[in-house]
Structures are given as C-alpha cells and as structure tokens.
1. State the extension gain, in nm to one decimal, for the chain segment bounded by residue 90 and residue 124, taking 0.36 nm per residue of separation less the distance between their alpha-carbons.
2. Of 164, 130, how do they rank once you tally other Cβ atoms within 10 Å and put the fewest first?
3. What's the exposure ranking of 153, 99, going from fewest to most Cβ atoms within 10 Å?
4. Got the relative contact order for the range 12-93 handy, in percent, Cα pairs under 8 Å and 6 or more residues apart?
5. Quote the relative contact order of the range 174-221 in percent (integer), defining contacts as alpha-carbon pairs under 8 Å separated by 6+ residues.
6. With 10 angstrom as the radius, rank 134, 217 by how many other C-beta atoms surround their C-beta, starting from the fewest.
7. Quick one: give the max-minus-min coordinate of the C-alpha atoms of the range 2-220 along each principal axis, largest first, in Å.
8. Which FRET efficiency, nearest 0.05, do residue 13 and residue 53 yield, Cβ-Cβ r, R0 25 Å?
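FYI, it's all coordinate maths here, none of it is from the lab. Everything numeric in this text was worked out from a predicted model, so none of it was measured. Here the Cβ positions follow ideal geometry from the backbone for every residue, glycine too, while neighbour counts run over all protein chains shown.
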C-alpha cells in the first residue's frame, strides 16, 4: 500500500519543510495542476514541480486537471515529473498517452466520478497508473464518493484477467476510514491531502491511513 500526500493541501510558504514533515510515510507526492478552465480553481504549474524536484528525490505524481494538457506535457516532464496523468474527458487520449510515454514519464489516465469506466477501459494496457477520482476534481476537502469503488473493483478484475500491471490510485476524501474502504476494494495508492498535511503531525497521520488500509487489505486477502 502506497501513500501519496497531495501537496495541494500543504503550506506553500514552507513547502519543502512541510513535505519533509511526512518523512518516509510518503511513498510519492501527488501534484495537482489546475487551469481555471477544466476546473474553476488555478493551482501550481511546472515551476513548482521544478522546485519540488530540487527539494526531494521522491516520485512526483503529476495530475493535470486542465483542458489542454498537451500544451503542458513537455514542461512538466522537463521540470522533473516522474508520472503524468491526464483526464479521459478532455479527449485526444491516444495521442496524449503516447506523448507522455515518449517523454520518459509513467503514463497515467483518470476519470471523473460521473464518467463511466468504459471510457478508460480501452487504454488500460498502456497505463502505469489508473487514477480513479472519488470526488469531483477542483476542490480539496470534499466528501468521499463511495460509489466509485465499483470502478476500482472493475479495474482489479480486468487487470487480473488480462495480466496487466498498472497501479490503481484513488484521490478525493481519503482518510483512515475511507482509505480502508478503498484498500479493501483493491486500490494500490491512496492520495490524501488535508488528512495528512492538515493534521498537527503529518507523518503520524499518513501512517494511520497506511495502517488502516493495510489492515483492511489483509482482512480481504
């Protein structure tokens, strides 16, 4: 079970220190980019990724919540992104996934809670990461949508049937309780923002999410 703290919930005035505060409990760092168009909010871009790259050796998992991700792929890869995830909803999926791979980054694809799983199913063999959103993209602190766990179970089933190796990631409303539900459904990577960086002890908070998830996963084995 991997924990991916979302830096969207971190203190940007002391970003390096806040990331360091999670310590070894962060297996990777989740980086949300928003353009104010695909989603209402505007957040960080590739310059912040470059700053993160200089401050940490951890895997940078970059999620582009943008209408035109093709215009950003090169800059994020050059800044040090290890993986880049785009939304199936923006279209041009074949070309975008190919370009991400050509840039040397792990290929990720995601879908909104309201988007049917069929939209991503044709691309699963090309992915390193399938990100299943458990809230509508654009805002932190939303409540977990439990219905998306059916998509997790479908992804687990198809992965086994086809002998695929992509990891299943979930993002939105994740804490110890919902992380356990996601882990029981078969999730590999839990993205948590306020449940980690919004706590007095981010490292302990991340550890509690991991422990709850691992216990739930073991109970289902």
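1. So the chain would gain 10.5 nm between residue 90 and residue 124.
2. Numbers: 164 14, 130 28.
Ordered by Cβ neighbours within 10 Å, fewest first: 164, 130.
3. Details: 153 14, 99 19.
Ranked by crowding around the Cβ, least crowded first: 153, 99.
4. Numbers: 107 pairs, mean separation 24.3, N = 82.
So the answer I get is 30 percent.
5. 56
6. On the way: 134 26, 217 18.
Listed from fewest to most nearby Cβ atoms, that is 217, 134.
7. Answer, in whole Å and largest first: 42, 42, 29 Å.
8. Numbers: r = 19 Å, r/R0 = 0.77.
It comes to 0.85.
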